[in-house]
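Below: the structure, in structure tokens.
What follows draws every value from the coordinates through simple rules; no lab data is involved. Worth saying up front: this structure is predicted, and the values here are computed from it rather than measured. Cβ atoms come from the backbone with ideal geometry, glycine included; neighbour counts cover every protein chain shown.
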Amino acid sequence: MPGMNPHPALPACCTPLDAHWPLPVALPETVLLGTHFDPSLLAPDDFKRSAIEPPASIERSVAKRQAEYLAGRLCARAALQQLEELDCIPAIGKDRAPVWPAHICGSITHSTGRAAAIVARKAHWRGLGMDLENLLNVERAQRLAGEILTPPELQRMAAGPQEHIALLVTLTFSVKESLFKALYPIVQQRFYFEHAELLEWSESGHARLRLLTDLSSEWRNGSELDAQFSVGDGQLLSLVSIEA
């Protein structure tokens with residue numbers, strides 16, 4: 001493309017970015033890019049070579065944190081460029097969330113060895129929240145259930161098949177994270193695990209959430225939202241998208 005700076009080569013710690021859509025329902029007018037990363041392959045000058053300026057908090061941190069930040073920002077920059085030829089790396093805001101251009105919404109996520117970013121114009125999507133989690137094992141899921149699940153969610157878990165517990169707790173954690181990432185930029189109001197509940201989910205990757213608190217005049221206690229998710233390679237990816 002004329003006038004475009006070709007991007008620096010990818011660092012050795014990241015695989016080429018892939019545009020594979022991993023979730024059940026593809027969202028029009030969005031760009032989602034992912035990469036696999038290996039912190040043990042991170043070189044000291046990878047940030048400089050990638051033309052990404054690490055914030056001080058990242059510069060001081062361990063290789064794993066540096067690699068996941070670098071991988072997530074590489075995905076975000078390439079997604080913005082694909083969406084509308086923007087050359088922009090979202091900074092970390094005061095609230096730790098990525099700072100996107102004013103007319104863009106987006107989300108960055110990473111878990112062990114994998115990072116991804118999704119972006120869209122606000123004319124099409126008001127909010128996007130994406131979250132990747134390693135699947136919990138059963139013991140850990142049972143230990144964490146009381147912190148992540150509301151009393152009605154715990155009741156539904158107890159009444160459901162025992163073999164779903166690890167998936168259910170991971171899913172509940174992940175979709176609530178995605179919900180926060182999608183809604184927080186809109187409502188500018190913090191909320192926590194007890195302020196939303198997972199009403200239903202299906203093995204086909206669809207889920208429904210309900211707010212349990214008022215966040216704004218529009219997003220009130222009882223508002224319901226859809227989420228979607230997929231499971232692969234021991235990880236669960238979830239996405240909450242709010243249409244314009």
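Structure values in brief
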quantity	calculated
Pairwise centroid distance, computed over Cα atoms, of the range 180-195 with the range 223-242, Å	16
Local electrostatic count, T30, Cβ distance below 14 Å [Lys/Arg +1, Asp/Glu -1]	0
Rounded to 5, the percent of DSSP beta bridges in the chain classed as antiparallel	100
Spacing of the two label points (7 Å from each Cα toward its C-beta) at A43 and S61, in nm	2.3
Two-site label geometry, L86 and E243: point separation in nm, points 7 Å out along Cα→Cβ	2.3
Residues H124 and D226, FRET efficiency given R0 of 22 Å [Cβ-Cβ distance, rounded to 0.05]	0.85
Along principal axes, Cα extents of the chain, largest first, whole Å	57, 40, 32
Residues listed by number, the range 28-44, amide nitrogen under 13 Å from N137 label point at 7 Å toward C-beta	none
Helix-only CD estimate at 222 nm, as mean residue ellipticity for the chain, using -39500 (n - 2.57) per DSSP H run (n ≥ 4)	-9500 deg cm²/dmol
The range 86-192: translational diffusion in µm²/s, Stokes-Einstein, Kirkwood Rh over Cα pairs, 25 °C, 0.890 mPa s	159
At most 15 other Cβ within 10 Å, DSSP loop - GluC sites (Glu not before Pro), the range 84-141	E85
For the range 45-148: rounded, prolate or oblate by the Cα gyration tensor [a/c cutoff 1.5]	oblate
Cα centre as origin, Lys/Arg/Asp/Glu Cβ charges: the range 30-123 dipole, Debye	260
Ratio of the Cα radius of gyration of the range 131-243 to 2.2 N^0.38 Å, where N counts its residues	1.01
Trypsin sites (Lys or Arg not before Pro) restricted to DSSP loop in the range 42-96 with at most 12 other C-beta within 10 Å	R60, K94, R96
E200 paired with T15, simple spin-label distance in nm, labels 7 Å along Cα-to-beta-carbon	3.6
